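The block underneath contains the structure these notes are about, expressed in structure tokens.
The values are calculated or read from the model by the stated rules, or taken from the named source; none is laboratory data. Please read all numbers here as calculations on a predicted model, not as lab measurements. Here the Cβ positions follow ideal geometry from the backbone for every residue, glycine too, while neighbour counts run over all protein chains shown.
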Amino acid sequence: MHPSLEYALVGLIAALGTLLCTPLARQIATRWGAVAKPRDRDVHAVDTPRLGGVALLAGFSVAMLVAHALPTLRSTFGNGNEIAGVLWGGLILCGVGVLDDRYELDSLTKFAGQVTGAAVMSIVGGIQLLYIYVPWGNIGTIPLDRDASVELTILLTVLTVNAVNFIDGLDGLAAGVTAIQGMAFFGYSYHLAQIGNTDIALAPTLICAGLVGACVGFLPHNFASARIFMGDSGSMLVGLMLAAGATTASSQADPQSLGIKGALPLYLPLILPLAVLALPLGDLLLAVVRRLRRGQSPFAPDKEHLHHRLMDLGHSHRRAVLLLYFWSAVLAFGAVAMSFSTGPWLVLAVVAGLLAAGLLATAIPRLRSARL
């Protein structure tokens with residue numbers, strides 16, 4: 001079986017596993033009382049079960065078991081402990097999220113759980129940023145010692161976890177955006193392997209295949225109108241998986257070996273993760289700045305996230321979600337295309353055109369009201 005078919009099978013198993021486990025998670029959440037009741041800042045109008053993360057973890061875990069039995073992908077498990085690290089770290093974060101979905105833990109307790117899960121993923125799985133490339137002067141690659149590598153990886157993981165958690169405000173938004181970002185990192189990692197920079201069976205490619213499949217399998221239950229939310233058990237879990245894929249994918253190859261002309265390769269390890277994660281990280285940064293300026297806690301809830309602002313402009317629930325899918329896809333796949341294109345200016349022109357179209361689509365309700 002060709003490796004691409006093995007990855008497709010892993011994604012399919014993750015999707016089917018999550019799809020079939022979600023109704024069970026919904027029943028457990030309803031009977032246990034892990035239900036999201038409508039609040040002023042929410043957009044749902046009825047009580048909705050949480051615990052979607054349980055189904056996502058189940059689907060991903062089953063997919064990893066299948067991958068372990070496949071001819072090519074089984075070598076991923078022998079080359080390192082990355083998959084084990086993701087599963088153990090994900091189990092911790094999902095467990096903390098399950099408690100929050102039921103009892104609504106305070107932000108400090110959740111933060112401690114996030115740091116613990118990220119640390120387990122990094123230490124047990126060996127998922128760490130091993131170097132930083134400085135694209136100015138004659139500094140070049142700066143290797144990181146073990147302590148600095150683990151600490152920086154934990155920091156980036158916690159940021160990603162909270163970024164995904166922050167955008168989980170509309171039906172299907174977090175699952176869809178995470179699937180798009182996972183596909184972008186999968187494409188980046190798989191292409192690197194194809195051109196000979198890395199092994200075809202590598203942890204980031206497998207992690208992203210399972211993550212994308214799990215999110216796609218969850219969407220039929222979660223897209224508007226949602227019958228279940230992923231809750232913190234899901235948003236923190238997929239945030240950790242996305243951080244694991246991004247950390248390992250962006251450090252697979254020397255940026256100067258990608259075959260792009262000019263200075264762009266020097267910046268790839270810096271700009272690729274930022275571009276792919278631009279939407280959730282940007283929303284997180286704006287929220288923190290907004291709340292600190294008001295003298296509030298960075299974790300204080302409000303109704304001014306990007307998805308809230310789109311709905312305030314006059315977009316429907318579904319249209320707001322689809323617009324955010326579009327923005328995420330343009331930024332993520334635009335960055336990946338830049339990393340491999342021999343004509344980066346053409347890619348920039350296409351991305352600029354798509355961004356202009358996105359701005360127009362976003363502004364349509366305001367333009368209509370102005371005409372009236």
Check your understanding: Which residue pairs have Cβ atoms under 7 Å apart, sit 6 or more places apart or on different chains, and have a first residue in the range 326-355 that is farther than 19 Å from Leu192 by Cα and aromatic (Phe, Trp, Tyr) and a second that is assigned to a helix (DSSP H, G or I) and modelled with pLDDT under 85?
Key -> Phe326/Gly358; Trp327/Leu279; Trp327/Gly358
Exercise for review: Could you pull out the residue among Gly97, Gly89, Gly85, Gly117 that is in contact (Cβ under 8 Å) with a residue 60 or more places away in the chain, in contact with an Asp or Glu (Cβ under 6 Å, 6 or more places away or on another chain), in a helix (DSSP H, G or I) and under 21 Å from Ile207 (Cα atoms)?
Suggested key: Gly97
Practice item. Report, by residue number, each residue of the range 62-103 that is of a type in the set (Gly, Ala, Ser) and surrounded by 20 or more Cβ atoms within 10 Å (Cβ to Cβ). Key: Ala63, Ala67, Gly85, Gly89, Gly90, Gly97
**Study point:** Which listed residue is at pLDDT 70 or above, loosely packed, with under 14 Cβ neighbours inside 10 Å and of a type outside the set (Ser, Thr, Tyr), from Val321, Val289, Val336
**Key:** Val289
Exercise for review: Could you please find all residues in the range 226-243 being touching a Leu at 6+ places or on another chain (Cβ under 9 Å) and part of a helix (DSSP H, G or I)?
Suggested key: Gly231, Asp232, Ser233, Gly234, Met236, Leu237, Val238, Gly239, Leu240, Met241, Leu242, Ala243
**Study point:** Residue, modelled with the highest pLDDT, within the range 192-225, restricted to residues that are surrounded by 22 or more Cβ atoms within 10 Å (Cβ to Cβ) and in a loop (DSSP other than H, G, I, E, B)
**Key:** Leu202
Review point. So Pro273 clears everything in (1) crowded, with 24+ Cβ neighbours inside 10 Å; (2) at pLDDT 65 or above except one condition, right? Which one?
Key: (2)
Exercise for review: Tally the residues that are polar (S, T, N, Q) and under 12 Å from the mean Cα position of the chain (by Cα), restricting the search to the range 154-204.
Suggested key: 6
Practice item. Kindly indicate whether Ser189 is among the polar types (S, T, N, Q), outside any loop (DSSP other than H, G, I, E, B) and modelled with pLDDT of 90 or more. Key: no
